[in-house]
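The values are calculated or read from the model by the stated rules, or taken from the named source; none is laboratory data. Note that the structure is a prediction, hence the values are computed from the model and not measured. A quick note on method: Cβ atoms are made from the backbone with ideal geometry, for glycine too, and the neighbour counts reach across all protein chains shown. In case anyone asks, the SASA skips ligands and DNA or RNA and just uses the protein heavy atoms, side chains included. Shrake-Rupley method; radii C 1.70, N 1.55, O 1.52, S 1.80 Å.
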Amino acid sequence: MVYQIYPRSFAAEGVGGEAGVGTLEGVRRHLDHLVWLGVDALWLSPFFRSPMADFGYDVSDHCDVDPIFGTLADFDRLLADAHDRGLRVLIDWVANHTSDRHPWFVDSRSSRQSAHRRWYLWRDPSPGGGPPNNWRAAFGQDVPAWTLDPATGQYYLHLFLPEQPDVDWSHRPLVEAMHDVLRFWLDRGVDGFRADAIHAIGKDPALADEPETLVGQPRSSTNDHPSTHELLREVRTLVDSYPDQRVMVGEVYLLETAKVAPYYGEGDELHLAFNFPPLYTPWEATAWRTRLEEVERHFVEVDAWPTWVLGNHDNPRPRTRYDSEARARAAAFLLLGLQGTPFLYAGDELGLEDAVIAPEQAVDPGGRDGCRAPIPWDASPDHGWARPPWLPWPPQAETRNVEVQRRDAGSILHLYRRLLAARRASPALSLGGSTILDHAPEGVLAWARDTPQDQRVVAVNFTGAARALSPGEGWAVEVSSDGHGEGEPWTGQLGADQAVVLRP
Ligand code: GLC
């Protein structure tokens, strides 16, 4: 299981914490808690030098730590201490764009003849004036993906903010520079990367208009150019040339599972890719069944190991989307109970809800502040933070915090811990295939996990009423979402909104 840390919001300790922003030292001081929880690996969202127009996803120096998060020495200490505890560390690699203050872009925009001009995508205005094509940027309604630079009279492409110009991956020196970024961190000892918006790096050389059916959609969710695959094969070769199984996990933000799977290549592109359709699926058994069948068909059948994501720094938290703690608990069985590698967003294990953000508190141009609220560590008024944090607390932080939930064996935090322990101890749960059980009643999704020597059944009741479930004789409850009946024989009754892991 990979645990995603959004460093700004995790823990503000050591130098740097003054800004009310979390630090790398803050992460380091909480590693023992993550080991207690049962985490295998961390993914740290960007902590690189950045003007923070997109809170770190606008990188101005890929090979240094922004002073608000600490120093490179802090990173090295964090990495060493994580490794001492058997935790692997993945970092974010923002490959599709840089900050507009990155020295590459500063030089690129300085003149049409500059050495870095070709590192970005500059084009003349369209014949009638205006942007070169109809592509739309992410964030905001119907914003062109192009900004005119009056000094040189050309537009530059940005699939995200104007402060995030896209780099040109068809230009070899840029490719080499991006490979050097990977080497810098691999040489430092990181175990891998989460590659930001990686499906977007290869661009149609003609930069043709978006077709009629997709007009108005952000290009960042449709860009799917074949040239990306060759670029990823090179990246894969580079990463695999290092010892100890380094890993490349790609954010492939194409919202159809069938379009994500090709980014695994023939086992020679990404090691893992995020598959977002489940995250956007309503709390409904038949809709979820369809998602599981798609993963089986498009991933498992071509030997692509699936991933599961129910929360991250870009989307409302599961507790907010599914509208109750009982469902947030049941959702943990989908995240941790299916075949594949789960990615758990820090705070979802506490059942945190999104913070309520008043208009004057909003800071993110993409409207994502709610899920980025700081982690409350204890019940004190400052919840373990030395300074007021950069965003408001999530609801009920007096009780919904790490300290209070660690003391309460009935908390959702302990449920996550029991599920992770069960996963670790069971080959079927960690490595086995998932087979949907056809006899489950309406509103219930149940599946078997199997290896030759080990079996489990996992069931989730998506309804607010009790349902009968009889997977056969001889099953006992290993983990239950409400804690009831664990260690006892299975009664055959799933409670409202309940989920269980059954063992023989
Ligand atoms: C990815 C990140 C998101 C960021 C965007 C641009 O989607 O997850 O937070 O804003 O890329 O880098």
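Looking for something in a strand (DSSP E or B) and not assigned by TED's automatic domain parsing to the domain that holds residue 197 - is there at least one such residue anywhere in segment 98-120? Yes - at least one qualifying residue is present in segment 98-120.
Would you confirm, using the coordinates I've provided, whether residue 186 is under 23 Å from residue 3 (Cα atoms) and either more than 16 Å from the ligand (Cβ to nearest atom) or open to solvent by 30 Å² or more (accessible area, probe 1.4 Å) (or both)? Taking the combined requirement at face value, the residue satisfies it. In the list 397, 331, 409, which residue meets the criterion of being at pLDDT 95 or above, on the phi < 0 side of the Ramachandran plot and open to solvent by 30 Å² or more (accessible area, probe 1.4 Å)? Of 397, 331, 409, the one residue that is at pLDDT 95 or above, on the phi < 0 side of the Ramachandran plot and open to solvent by 30 Å² or more (accessible area, probe 1.4 Å) is 409. How do the pairs read when you match residues in segment 188-208 that are closer than 30 Å to residue 71 by Cβ and among the charged types (D, E, K, R) with residues anywhere that are part of a loop (DSSP other than H, G, I, E, B) and within 16 Å of the ligand (Cβ to nearest atom), using Cβ under 7 Å and keeping only pairs 6 or more apart or on different chains? Hits for this filter: 194/251; 196/57; 196/95; 196/96; 196/251. Has segment 77-88 got at least one residue that is within 16 Å of the ligand (Cβ to nearest atom), at pLDDT 95 or above and open to solvent by less than 50 Å² (accessible area, probe 1.4 Å)? No, segment 77-88 contains no residue that is within 16 Å of the ligand (Cβ to nearest atom), at pLDDT 95 or above and open to solvent by less than 50 Å² (accessible area, probe 1.4 Å).
Residues checked against (1) free of Cβ contacts under 8 Å to residues at least 40 places away in the same chain; (2) within 15 Å of the chain's Cα centre (by Cα):
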| position | (1), (2) |
| --- | --- |
| 210 | no, no |
| 214 | yes, no |
| 218 | no, no |
| 238 | no, no |
| 243 | yes, no |
| 282 | yes, no |
| 285 | no, no |
| 288 | no, no |
| 310 | yes, yes |
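Among the residues making up segment 1-50, a single one is surrounded by 24 or more Cβ atoms within 10 Å (Cβ to Cβ) and basic (Lys, Arg): 8. For residue 313, the criteria (1) touching a Ser or Thr at 6+ places or on another chain (Cβ under 7 Å); (2) open to solvent by 40 Å² or more (accessible area, probe 1.4 Å) hold in every case but one, which is (2).
Taking the numbered list (1) among the small types (Gly, Ala, Ser); (2) at pLDDT 95 or above; (3) more than 14 Å from the ligand (Cβ to nearest atom) in turn, residue 137 passes all entries but (3). I'm checking my understanding of the structure. Among residues of segment 157-177 that are open to solvent by 10 Å² or more (accessible area, probe 1.4 Å) and in contact with a strand residue (DSSP E or B) (Cβ under 7 Å, 6 or more places away or on another chain), which one is farthest from residue 367 (Cα to Cα)? This residue is 168.
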